[in-house]
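For reference, the structure discussed in these notes is given below.
The values are calculated or read from the model by the stated rules, or taken from the named source; none is laboratory data. In this text, all values refer to a predicted model and were calculated from it rather than measured experimentally. We place every Cβ from the backbone using ideal geometry, glycine too, and count neighbours over all the protein chains shown.
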């Protein structure tokens, strides 16, 4: 029964993430990314209030726990901000599959900082991800070239990828030190703190959005809440490498949503490229 529940939350995670991205893109045309970020964490934090006393035991946590909570919140708030900026000016069907590069960054980081030499399978995974990228970026104005890295949407997406990739490792640490529920609550509260700080730095004015836009804020909050809780739940009960590989399936849904709701073109090539990148990510994550 526990295994069925775990796979249920895995499916929720795969679906909720691209759904949140689609709603974020829709809303980003009307509201600044930093404001969307703030209201999302505000809604989630209000939701957490009734559960605070049940799952949080403040006196039992050591100093390093609070350090991890603050760092995870900062990384997540900045990562989400850059992601919203990326999908605002870029296409979902291009921005989404870039997440597969997270495994490549992990491979490179392990080589630089830990002197871990990638296996033949790992190198094959990198080749597949690069090959899949070709299908996705081929129809862009810059083509498949280093010129793509000059584009703001691509830059923002890679910033978000690095930040949230680092955040995932820290969240795993928080879960080990507390629980899935506790980690989720502090993820919401810390995200709210840092998103408010970002607004303060950017000198944005916080004002209530128009009525027709409020529903999208709630939909984003629901999707991100489901995404994060299901991520925590799966991480606690499943091999992290296996889970991360399966999470990449959300890229396929992101490409489809870009085609369905934002009329993005070249869907077949992008799905082909996404599938190749997905296979590459799975090779790196599962066999290294």
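Some notes on this structure:
- The number of residues in the range 173-196 being in contact (Cβ under 8 Å) with a residue 60 or more places away in the chain, within 12 Å of residue 65 (Cβ to Cβ) and buried (at least 22 other Cβ atoms within 10 Å of the Cβ) comes to 4.
- Residue count for the range 246-288, restricted to those that are within 23 Å of residue 9 (Cα to Cα) and not in a helix (DSSP H, G or I): 2
- Taking the criterion of being touching a helix residue (DSSP H, G or I) at 6+ places or on another chain (Cβ under 8 Å) and modelled with pLDDT of 85 or more, the residues of the range 137-159 that qualify are 152, 153, 154, 155, 156, 157, 158, 159.
- Residue 170 being within 30 Å of residue 55 (Cβ to Cβ) and without any contact (Cβ under 8 Å) to a residue 40 or more places away in the chain: no
- Candidates 5, 95, 11: the one that is within 17 Å of the chain's Cα centre (by Cα), in a helix (DSSP H, G or I), surrounded by fewer than 22 Cβ atoms within 10 Å (Cβ to Cβ) and modelled with pLDDT under 95 is 11.
- Residue check for residue 201: assigned to a helix (DSSP H, G or I) and either at pLDDT 95 or above or surrounded by fewer than 17 Cβ atoms within 10 Å (Cβ to Cβ) (or both): yes
- Here residue 38 passes the criteria (1) modelled with pLDDT under 95; (2) crowded, with 22+ Cβ neighbours inside 10 Å except the one numbered (1).
- Checking each residue in the range 14-51 for being without any contact (Cβ under 8 Å) to a residue 60 or more places away in the chain and outside any helix (DSSP H, G or I) picks out only 29.
- Meets criteria (within 25 Å of residue 102 (Cβ to Cβ), surrounded by 20 or more Cβ atoms within 10 Å (Cβ to Cβ) and modelled with pLDDT of 95 or more) for residue 75: no
- Candidates 276, 268, filtered to the one that is modelled with pLDDT of 80 or more, surrounded by fewer than 19 Cβ atoms within 10 Å (Cβ to Cβ) and either more than 30 Å from residue 181 (Cα to Cα) or out of contact with any helix residue (DSSP H, G or I) (no Cβ under 8 Å at 6 or more places or on another chain) (or both): 268
- The C-beta contact set for the range 144-158 (first residue over 14 Å from residue 101 (Cβ atoms), second residue part of a helix (DSSP H, G or I) and modelled with pLDDT of 90 or more, distance under 7 angstrom, 6+ apart or interchain) comprises 152/89; 153/86; 153/89.
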